[in-house]
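**Q** Submitted below is the structure of interest, expressed as structure tokens.
The values are calculated or read from the model by the stated rules, or taken from the named source; none is laboratory data. A quick note: this is a predicted structure, and the numbers were derived from the prediction, not measured. As a convention, Cβ positions derive from the backbone with ideal geometry for all residues, glycine included, and neighbour counts pool all protein chains shown.
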Amino acid sequence: MEVLLAVLVITLVVANLVVFSCAARETFESKTKLTAIVLNYNRPHNIPKLISRLETYDEIDEIIVLDGKPGNITNTDNYRKTRSVRDFDNNDKYGGARRFLYDKYQSDSVIFIDDDIIPPQSMVREMLKHINNGSLLVGPVGRICNKHGYGDQNTAIPRARPDTVLTGACMVPMKVLVGYRREFWRTYEPFLRTTHGNGEDLSMNHYIRTKLGKLPTVIKNDIENTDTSNGYSSNPDHYKVRDRICRELFYS
């Protein structure tokens, strides 16, 4: 009887271990892998604070900092999930559009973050929830881009709901990014080279709207801004170029 009882106990223990192992494996295998792509150019002093925060987010599996300037190289020695890439050539050609072109990683979804923005973890979770529910582009900053031009809900004529998400903080599924890259060389590369990347976010939205038939998802804006000086939008012609892109290139 004692031997039989011992065998029964061992059998139950083994069975529970098998169940636990299977559940753990299923949880691991079903987790969406999320990569954060961070642009670094004129504001390297913002990077340590940003990646220190992102490193604590369980939702983010890896962080890739794309260094666009030889004098502003990110030191990632003290970070577990972060690596940096010298992306000088793409920066010289395409400016901010290089965020979409670097492809030396594998992931299920990608969150793009500018070097003057810190998205809170709650926002990352909300973005991921929308992506897992079928959204193709999610972000907190909405704009309007159509045949009437470029603007926000206060400046656009006629008034309209946002149809565009800015890519300073946004998330896309990897399959959408792969499709966009193919379209990039056919459709978007010529003008993005001439604008030095101004309008790359408009091109991503245009691809999703015209090729995939969906509008982006705009969520509550809870981003934390750090030093925003010396960015692309500091150029006085920045908004004029974007207005022309919407009027003449995309929706004329």
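**Q** Given (1) modelled with pLDDT of 95 or more; (2) over 13 Å from the mean Cα position of the chain (by Cα); (3) buried (at least 17 other Cβ atoms within 10 Å of the Cβ), identify the lone condition not met by residue 52.
**A** Residue 52 satisfies every listed condition except (3).
**Q** Something else: Consider residue 94 carefully, then state whether it is out of contact with any Cys (no Cβ under 9 Å at 6 or more places or on another chain), closer than 28 Å to residue 191 by Cα, surrounded by 19 or more Cβ atoms within 10 Å (Cβ to Cβ) and among the aromatic types (Phe, Trp, Tyr).
**A** Numbers: out of contact with any Cys (no Cβ under 9 Å at 6 or more places or on another chain): yes; closer than 28 Å to residue 191 by Cα: yes; surrounded by 19 or more Cβ atoms within 10 Å (Cβ to Cβ): yes; among the aromatic types (Phe, Trp, Tyr): yes.
So residue 94 passes the test.
**Q** Among the residues of segment 74-87, which ones are farther than 12 Å from residue 36 by Cα and either of a type in the set (S, T, N, Q) or surrounded by fewer than 15 Cβ atoms within 10 Å (Cβ to Cβ) (or both)? I'd like the intermediate steps shown before the answer.
**A** Here is the first cut: in segment 74-87, the ones farther than 12 Å from residue 36 by Cα are 74-80, 85-87.
Result: 74, 75, 76, 77, 78, 80, 86.
**Q** Moving on to the next point. Within the bounds of segment 97-112, is there any residue that is out of contact with any Ser or Thr (no Cβ under 9 Å at 6 or more places or on another chain), under 23 Å from residue 198 (Cα atoms) and assigned to a strand (DSSP E or B)?
**A** Within segment 97-112, the subset out of contact with any Ser or Thr (no Cβ under 9 Å at 6 or more places or on another chain) is 98, 101-104.
Okay, now just the ones that are also under 23 Å from residue 198 (Cα atoms), so 98, 101-103.
Within this subset, residues satisfying the condition of being assigned to a strand (DSSP E or B) are none.
No - not one qualifying residue is present in segment 97-112.
**Q** Give the residues of segment 168-188 that are in a helix (DSSP H, G or I) and either within 12 Å of residue 95 (Cα to Cα) or touching a strand residue (DSSP E or B) at 6+ places or on another chain (Cβ under 7 Å) (or both), sorted by residue number. Don't jump to the end; show me each part of the working.
**A** Step one: list which residues in segment 168-188 are in a helix (DSSP H, G or I), which gives 174-188.
Residues satisfying the conditions are 174, 177.
**Q** Turning to a different aspect of this structure: I'm checking my understanding of the structure. Among residues of segment 190-239 that are surrounded by fewer than 20 Cβ atoms within 10 Å (Cβ to Cβ) and of a type in the set (Gly, Ala, Ser), which one is nearest to residue 151 (Cα to Cα)?
**A** 233
**Q** Between 100, 184, 112, which is under 21 Å from residue 68 (Cβ atoms), among the aromatic types (Phe, Trp, Tyr), in contact (Cβ under 8 Å) with a residue 40 or more places away in the chain and touching an Asp or Glu at 6+ places or on another chain (Cβ under 8 Å)? Quick ask: steps written out before the conclusion?
**A** Details: 184 fails: touching an Asp or Glu at 6+ places or on another chain (Cβ under 8 Å); 112 fails: touching an Asp or Glu at 6+ places or on another chain (Cβ under 8 Å).
The match here is 100.
**Q** Kindly provide the set of residues from segment 189-210 that are closer than 12 Å to residue 94 by Cβ, part of a helix (DSSP H, G or I) and not basic (Lys, Arg), ordered by number.
**A** 189, 190, 191, 192, 194, 200, 203
**Q** Going through segment 113-129 one residue at a time, which ones are crowded, with 19+ Cβ neighbours inside 10 Å and either of a type in the set (Phe, Trp, Tyr) or assigned to a helix (DSSP H, G or I) (or both)?
**A** Correct list: 123, 124, 126, 127, 128.
**Q** Only one of these conditions is not met by residue 200: (1) without any contact (Cβ under 8 Å) to a residue 60 or more places away in the chain; (2) closer than 16 Å to residue 249 by Cβ. Which number is it?
**A** Failing condition for residue 200: (1).
**Q** Now a separate question. When the residues of segment 142-167 are narrowed to those that are among the small types (Gly, Ala, Ser) and assigned to a loop (DSSP other than H, G, I, E, B), which ends up modelled with the lowest pLDDT? Before the answer, list the steps.
**A** Initially, segment 142-167 is screened for residues among the small types (Gly, Ala, Ser), giving 142, 149, 151, 156, 160.
Now restrict to residues that are assigned to a loop (DSSP other than H, G, I, E, B): 156, 160.
Numbers: 156: 58, 160: 76.
Of everything passing the filter in segment 142-167, 156 is modelled with the lowest pLDDT.
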